[in-house]
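One structure is given below, encoded as C-alpha coordinates.
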Amino acid sequence: MFIEPQIQGGDRRGWIEVIAGCMFSGKTEELIRRLKRARFANQKVEIFKPAIDTRYDEENIVSHDENLIRSTPVSHSSNILLLSNQCSVVGVDEVQFFDNGIVDVCQQLANEGKRVIIAGLDMDYSGKPFGPVPSLLAIAEYVTKVHAICVVCGNIATHSYRLVESREQVFLGEKNEYEPRCRHCFLKKD
(Lines give C-alpha, C1' and ligand atoms only; values in the text may rest on other atoms or scores of the structure.)
Protein backbone atom coordinates (compact mmCIF):
# COMPACT_ATOMS: atom_id res chain seq x y z
CA MET A 1 0.00 0.00 0.00
CA PHE A 2 1.28 3.46 -0.90
CA ILE A 3 1.67 5.89 1.99
CA GLU A 4 1.74 9.50 0.85
CA PRO A 5 4.81 11.47 1.96
CA GLN A 6 4.41 14.11 4.63
CA ILE A 7 5.54 17.67 3.94
CA GLN A 8 7.41 19.06 6.93
CA GLY A 9 6.87 22.67 7.98
CA GLY A 10 5.48 23.82 4.64
CA ASP A 11 8.74 22.92 2.90
CA ARG A 12 7.64 21.74 -0.54
CA ARG A 13 10.06 19.38 -2.19
CA GLY A 14 9.15 17.67 -5.42
CA TRP A 15 9.17 13.98 -6.19
CA ILE A 16 8.00 11.46 -8.77
CA GLU A 17 5.56 8.62 -8.12
CA VAL A 18 5.09 5.89 -10.75
CA ILE A 19 2.12 3.53 -10.79
CA ALA A 20 2.93 0.71 -13.23
CA GLY A 21 1.48 -2.64 -14.22
CA CYS A 22 -0.43 -4.50 -16.92
CA MET A 23 -3.82 -3.67 -18.35
CA PHE A 24 -6.78 -4.05 -15.96
CA SER A 25 -4.52 -3.84 -12.90
CA GLY A 26 -6.00 -0.61 -11.49
CA LYS A 27 -3.28 1.88 -12.51
CA THR A 28 -5.70 4.59 -13.56
CA GLU A 29 -7.95 3.89 -10.58
CA GLU A 30 -4.99 4.42 -8.23
CA LEU A 31 -3.92 7.57 -10.09
CA ILE A 32 -7.43 9.02 -9.80
CA ARG A 33 -7.55 8.11 -6.08
CA ARG A 34 -4.30 9.95 -5.35
CA LEU A 35 -5.28 13.01 -7.40
CA LYS A 36 -8.69 13.27 -5.72
CA ARG A 37 -7.01 13.09 -2.30
CA ALA A 38 -4.67 15.92 -3.31
CA ARG A 39 -7.64 18.02 -4.40
CA PHE A 40 -9.44 17.23 -1.16
CA ALA A 41 -6.37 18.60 0.64
CA ASN A 42 -6.81 21.85 -1.34
CA GLN A 43 -3.71 21.29 -3.45
CA LYS A 44 -3.74 22.73 -6.97
CA VAL A 45 -3.80 19.74 -9.33
CA GLU A 46 -3.30 19.57 -13.10
CA ILE A 47 -3.93 16.31 -14.92
CA PHE A 48 -2.79 15.26 -18.39
CA LYS A 49 -3.25 12.39 -20.79
CA PRO A 50 -1.96 11.68 -24.31
CA ALA A 51 -4.21 13.17 -26.97
CA ILE A 52 -4.21 9.87 -28.89
CA ASP A 53 -6.03 8.07 -26.06
CA THR A 54 -9.72 8.64 -26.80
CA ARG A 55 -10.93 5.13 -25.85
CA TYR A 56 -13.37 6.20 -23.13
CA ASP A 57 -13.43 9.97 -23.42
CA GLU A 58 -11.61 12.69 -25.36
CA GLU A 59 -10.78 14.76 -22.25
CA ASN A 60 -11.46 12.84 -19.05
CA ILE A 61 -9.22 10.14 -17.68
CA VAL A 62 -11.53 7.16 -17.23
CA SER A 63 -10.67 3.88 -15.53
CA HIS A 64 -12.01 0.56 -16.82
CA ASP A 65 -14.44 0.74 -13.87
CA GLU A 66 -15.69 4.08 -15.26
CA ASN A 67 -14.27 6.20 -12.45
CA LEU A 68 -13.21 9.50 -14.01
CA ILE A 69 -11.40 12.76 -13.47
CA ARG A 70 -11.07 15.79 -15.74
CA SER A 71 -7.80 16.08 -17.64
CA THR A 72 -6.12 17.98 -20.43
CA PRO A 73 -5.17 15.97 -23.51
CA VAL A 74 -1.71 16.89 -24.85
CA SER A 75 0.07 15.79 -28.02
CA HIS A 76 3.64 16.26 -26.77
CA SER A 77 5.22 16.02 -23.33
CA SER A 78 6.60 19.58 -23.52
CA ASN A 79 3.02 20.90 -23.43
CA ILE A 80 2.77 19.65 -19.84
CA LEU A 81 5.44 22.15 -18.74
CA LEU A 82 3.53 25.01 -20.34
CA LEU A 83 0.22 24.05 -18.70
CA SER A 84 1.33 23.11 -15.19
CA ASN A 85 3.18 26.14 -13.84
CA GLN A 86 0.47 27.18 -11.34
CA CYS A 87 -0.02 23.81 -9.64
CA SER A 88 1.65 21.78 -6.95
CA VAL A 89 0.55 18.30 -8.13
CA VAL A 90 0.80 16.98 -11.69
CA GLY A 91 -0.90 13.76 -12.77
CA VAL A 92 -0.19 11.95 -16.04
CA ASP A 93 -2.05 8.86 -17.27
CA GLU A 94 -1.00 6.40 -20.00
CA VAL A 95 2.55 7.72 -19.79
CA GLN A 96 3.82 4.92 -22.06
CA PHE A 97 2.21 6.71 -25.03
CA PHE A 98 4.26 9.88 -24.53
CA ASP A 99 7.53 10.69 -26.25
CA ASN A 100 10.78 10.09 -24.34
CA GLY A 101 10.89 13.79 -23.44
CA ILE A 102 8.39 12.98 -20.68
CA VAL A 103 11.31 11.79 -18.54
CA ASP A 104 12.94 15.23 -18.57
CA VAL A 105 9.54 16.89 -18.11
CA CYS A 106 8.88 14.85 -14.96
CA GLN A 107 12.39 15.59 -13.67
CA GLN A 108 11.92 19.32 -14.23
CA LEU A 109 8.52 19.37 -12.54
CA ALA A 110 9.85 17.49 -9.51
CA ASN A 111 12.91 19.77 -9.38
CA GLU A 112 10.51 22.74 -9.27
CA GLY A 113 8.95 21.27 -6.12
CA LYS A 114 5.93 19.59 -7.67
CA ARG A 115 4.53 16.18 -6.77
CA VAL A 116 4.41 14.24 -10.06
CA ILE A 117 2.16 11.17 -10.19
CA ILE A 118 2.27 9.11 -13.36
CA ALA A 119 0.61 5.87 -14.40
CA GLY A 120 1.33 3.57 -17.30
CA LEU A 121 2.00 0.15 -18.69
CA ASP A 122 5.44 -1.14 -17.79
CA MET A 123 5.43 -3.71 -20.65
CA ASP A 124 3.91 -3.81 -24.11
CA TYR A 125 1.87 -6.67 -25.60
CA SER A 126 5.05 -8.67 -26.31
CA GLY A 127 6.33 -8.45 -22.73
CA LYS A 128 9.02 -5.87 -23.54
CA PRO A 129 9.57 -2.64 -21.52
CA PHE A 130 7.26 0.05 -22.90
CA GLY A 131 8.41 3.49 -24.05
CA PRO A 132 9.69 5.88 -21.39
CA VAL A 133 8.35 3.86 -18.45
CA PRO A 134 11.63 2.04 -17.59
CA SER A 135 13.46 5.39 -17.35
CA LEU A 136 10.67 6.84 -15.23
CA LEU A 137 10.82 3.85 -12.89
CA ALA A 138 14.55 4.45 -12.49
CA ILE A 139 14.22 8.13 -11.48
CA ALA A 140 11.08 7.87 -9.32
CA GLU A 141 11.18 8.25 -5.57
CA TYR A 142 8.10 6.04 -5.20
CA VAL A 143 7.10 3.07 -7.36
CA THR A 144 3.86 1.14 -7.04
CA LYS A 145 3.51 -2.04 -9.09
CA VAL A 146 -0.12 -3.07 -9.39
CA HIS A 147 -1.37 -6.43 -10.64
CA ALA A 148 -4.46 -7.81 -12.29
CA ILE A 149 -5.81 -11.35 -12.03
CA CYS A 150 -5.01 -13.78 -14.84
CA VAL A 151 -8.23 -14.53 -16.73
CA VAL A 152 -6.93 -18.02 -17.63
CA CYS A 153 -5.78 -19.45 -14.28
CA GLY A 154 -6.56 -16.86 -11.57
CA ASN A 155 -2.95 -16.15 -10.55
CA ILE A 156 -1.42 -12.68 -10.32
CA ALA A 157 -1.30 -11.16 -13.81
CA THR A 158 1.65 -9.03 -14.90
CA HIS A 159 1.24 -9.14 -18.69
CA SER A 160 -1.19 -7.57 -21.17
CA TYR A 161 -2.10 -10.31 -23.63
CA ARG A 162 -3.29 -8.99 -27.01
CA LEU A 163 -6.27 -10.91 -28.38
CA VAL A 164 -6.18 -9.43 -31.89
CA GLU A 165 -3.58 -9.73 -34.63
CA SER A 166 -1.41 -6.64 -34.80
CA ARG A 167 2.32 -6.08 -34.57
CA GLU A 168 1.93 -2.37 -33.77
CA GLN A 169 3.41 -1.53 -30.37
CA VAL A 170 0.78 1.16 -29.82
CA PHE A 171 -2.62 -0.40 -30.36
CA LEU A 172 -5.33 1.20 -28.24
CA GLY A 173 -7.77 -1.34 -26.96
CA GLU A 174 -10.08 -2.45 -24.20
CA LYS A 175 -11.49 -5.77 -22.95
CA ASN A 176 -12.17 -7.07 -26.48
CA GLU A 177 -8.54 -6.55 -27.53
CA TYR A 178 -6.55 -7.34 -24.35
CA GLU A 179 -6.72 -9.49 -21.28
CA PRO A 180 -4.48 -9.78 -18.21
CA ARG A 181 -2.41 -12.93 -17.90
CA CYS A 182 0.20 -14.33 -15.54
CA ARG A 183 3.69 -15.08 -16.87
CA HIS A 184 2.91 -18.76 -17.49
CA CYS A 185 -0.38 -18.22 -19.35
CA PHE A 186 1.12 -15.30 -21.32
CA LEU A 187 3.93 -17.54 -22.59
CA LYS A 188 1.48 -20.34 -23.55
CA LYS A 189 -0.25 -17.92 -25.97
CA ASP A 190 -3.42 -19.99 -26.46
Checklist entry - What is the one condition in (1) modelled with pLDDT under 95; (2) under 23 Å from residue 139 (Cα atoms); (3) surrounded by 15 or more Cβ atoms within 10 Å (Cβ to Cβ); (4) not aliphatic (A, V, I, L, M) that residue 85 does not satisfy? => result (3)
Next on the checklist: Tally up the residues in the range 1-44 that are aliphatic (A, V, I, L, M), part of a loop (DSSP other than H, G, I, E, B) and at pLDDT 95 or above, please.
Outcome noted: 1
Item to check | Failed criterion for residue 116 (all others in (1) out of contact with any Pro (no Cβ under 7 Å at 6 or more places or on another chain); (2) more than 27 Å from residue 16 (Cβ to Cβ) hold) | outcome: (2)
Item to check | residue 54 vs. criteria of a type in the set (S, T, N, Q), surrounded by fewer than 19 Cβ atoms within 10 Å (Cβ to Cβ) and modelled with pLDDT under 95 | outcome: yes
Checklist entry - Quick check: is even one residue across the range 175-188 in a loop (DSSP other than H, G, I, E, B) and either in contact with a helix residue (DSSP H, G or I) (Cβ under 7 Å, 6 or more places away or on another chain) or surrounded by fewer than 14 Cβ atoms within 10 Å (Cβ to Cβ) (or both)? => result yes
Checklist entry - Does the range 61-82 hold any residues that are in contact with a Lys or Arg (Cβ under 6 Å, 6 or more places away or on another chain) and either polar (S, T, N, Q) or at pLDDT below 85 (or both), and which are they? => result 61, 71
Checklist entry - Any idea how many residues of the range 109-122 are farther than 21 Å from residue 89 by Cβ and either touching a strand residue (DSSP E or B) at 6+ places or on another chain (Cβ under 6 Å) or surrounded by fewer than 21 Cβ atoms within 10 Å (Cβ to Cβ) (or both)? => result 1
Checklist entry - Would the range 85-99 turn up any residue that is in contact (Cβ under 8 Å) with a residue 24 or more places away in the chain, out of contact with any Lys or Arg (no Cβ under 9 Å at 6 or more places or on another chain), farther than 23 Å from residue 33 by Cα and part of a loop (DSSP other than H, G, I, E, B)? => result yes
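Yes/no matrix, rows are residues, columns are (1) crowded, with 22+ Cβ neighbours inside 10 Å; (2) out of contact with any Phe, Trp or Tyr (no Cβ under 9 Å at 6 or more places or on another chain); (3) closer than 15 Å to residue 28 by Cβ:
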{"site": "124", "(1), (2), (3)": "no, no, no"}
{"site": "129", "(1), (2), (3)": "no, yes, no"}
{"site": "134", "(1), (2), (3)": "no, yes, no"}
{"site": "137", "(1), (2), (3)": "no, yes, no"}
{"site": "144", "(1), (2), (3)": "no, no, yes"}
{"site": "150", "(1), (2), (3)": "yes, no, no"}
{"site": "156", "(1), (2), (3)": "no, yes, no"}
{"site": "162", "(1), (2), (3)": "no, no, no"}
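The values are calculated or read from the model by the stated rules, or taken from the named source; none is laboratory data. Since the structure is predicted, the reported quantities are computational estimates derived from the model, not experimental observations. Positions of Cβ are backbone-derived with ideal geometry, glycine not excepted, and every protein chain shown enters the neighbour counts.
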